[in-house]
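Some notes on the structure that comes next.
The values are calculated or read from the model by the stated rules, or taken from the named source; none is laboratory data. Note that the structure is a prediction, hence the values are computed from the model and not measured. Don't worry about glycine lacking a Cβ; one is built from the backbone with ideal geometry, like all the others, and counts go over all protein chains shown.
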Amino acid sequence: MTKVFRADPALIARWADAWAISRGAASPVARDGGIYIHVGSEEQVGRYIFPRLDPDAIRDLTARIDRPLLYLKVCAEAAAVRPLLPPGWEIAPPGYMMTAPVSAMLDRPADLSPNFALSIDCDGPIVFAGITDSAGEEAARGRIVLLDDLVVFDRIRTADAYQRQGLATAIMRALAVQADARGLRAAILCATPPGRALYQTLGWSLHSHYTTASLSP
């Protein structure tokens, strides 16, 4: 029997709070049966997050959305979300909510090649990690948001020229060290398919599927 992953609404709400802090968006509010975050960027007006599949609320909301760049995010598989969408809506590549104990990342090798340098910067509840090459060019980066007793990993990226050199793992470990030093023990992130494969090797587990949909331009 296929396991059904059901998200914890309270955990997803806290993740949404941290995501808004990380991206400089408005604070999340309860709206239309889900959680709404106003982003206000050229790429995204806002997003509605549903920690649970709510067919009636999703059908009602999507029937009233008449422009692109307002995104629907549902903690469910695409196959469950697709039948609820009106004509003209598209589903993006899948996402995955994943959780892990911070300690899972602390056992990873800490050594970087002499060709790279690691830096850590803080801005309020956000901790940034960056890796530069010998020319000072960015090779990898990432951040965490510290939210009470939860740490939210976000925007973990490795430049194309530096893929498969362990830099994302180094970023994750460096950020985990920062979280651990502050007494945080539980972590969550939203992963892409390639990211999921990496994070599983670092001790992360699937918490729920995460489907994105929007009205086609």
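Of all the listed residues (I188, I120, I131, I144), the sole one being part of a strand (DSSP E or B), over 22 Å from A18 (Cβ atoms) and of a type in the set (V, I, T) is I131.
Table: residues versus (1) aliphatic (A, V, I, L, M); (2) modelled with pLDDT of 95 or more; (3) in contact with a strand residue (DSSP E or B) (Cβ under 9 Å, 6 or more places away or on another chain).
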residue: L112; (1), (2), (3): yes, no, yes
residue: A117; (1), (2), (3): yes, yes, yes
residue: D121; (1), (2), (3): no, yes, yes
residue: L147; (1), (2), (3): yes, yes, no
residue: C190; (1), (2), (3): no, yes, yes
residue: L206; (1), (2), (3): yes, yes, yes
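Go through region 149-171 and give me each residue that's in a strand (DSSP E or B) and either surrounded by 23 or more Cβ atoms within 10 Å (Cβ to Cβ) or among the small types (G, A, S) (or both). So that I can check it myself, show each step before the final result.
Let us first name the residues in region 149-171 that are in a strand (DSSP E or B), namely 150-158.
Result: V151, V152, F153, I156.
Taking I171 as the residue in question, decide whether it is of a type in the set (A, V, I, L, M, F, W, C) and more than 15 Å from A181 (Cα to Cα). Yes: the conditions hold for I171.
Within region 8-54, track down each residue that is in contact with a Phe, Trp or Tyr (Cβ under 8 Å, 6 or more places away or on another chain) and assigned to a loop (DSSP other than H, G, I, E, B).
Of the residues in region 8-54, the ones in contact with a Phe, Trp or Tyr (Cβ under 8 Å, 6 or more places away or on another chain) are 25, 28-37, 44, 46-49.
Once the filter is applied, which keeps residues that are in contact with a Phe, Trp or Tyr (Cβ under 8 Å, 6 or more places away or on another chain) and assigned to a loop (DSSP other than H, G, I, E, B), region 8-54 yields A25, P28, D32, G33, Q44.
Within region 123-160, the residues that satisfy the criterion of being at positive phi and more than 18 Å from the chain's Cα centre (by Cα) are G124, G136. Residue pairs whose Cβ atoms lie under 7 Å apart, separated by 6 or more positions or on different chains, with the first residue in region 26-41 and over 20 Å from A63 (Cα atoms) and the second of a type in the set (F, W, Y), are P28/Y36; V29/Y36. No other residue among L167, L146 is within 17 Å of R108 (Cα to Cα), out of contact with any helix residue (DSSP H, G or I) (no Cβ under 6 Å at 6 or more places or on another chain) and not charged (D, E, K, R) apart from L167. Has region 30-44 got any residue that is in contact with a Ser or Thr (Cβ under 9 Å, 6 or more places away or on another chain) and among the small types (G, A, S)? Scanning region 30-44 turns up no residue that is in contact with a Ser or Thr (Cβ under 9 Å, 6 or more places away or on another chain) and among the small types (G, A, S).
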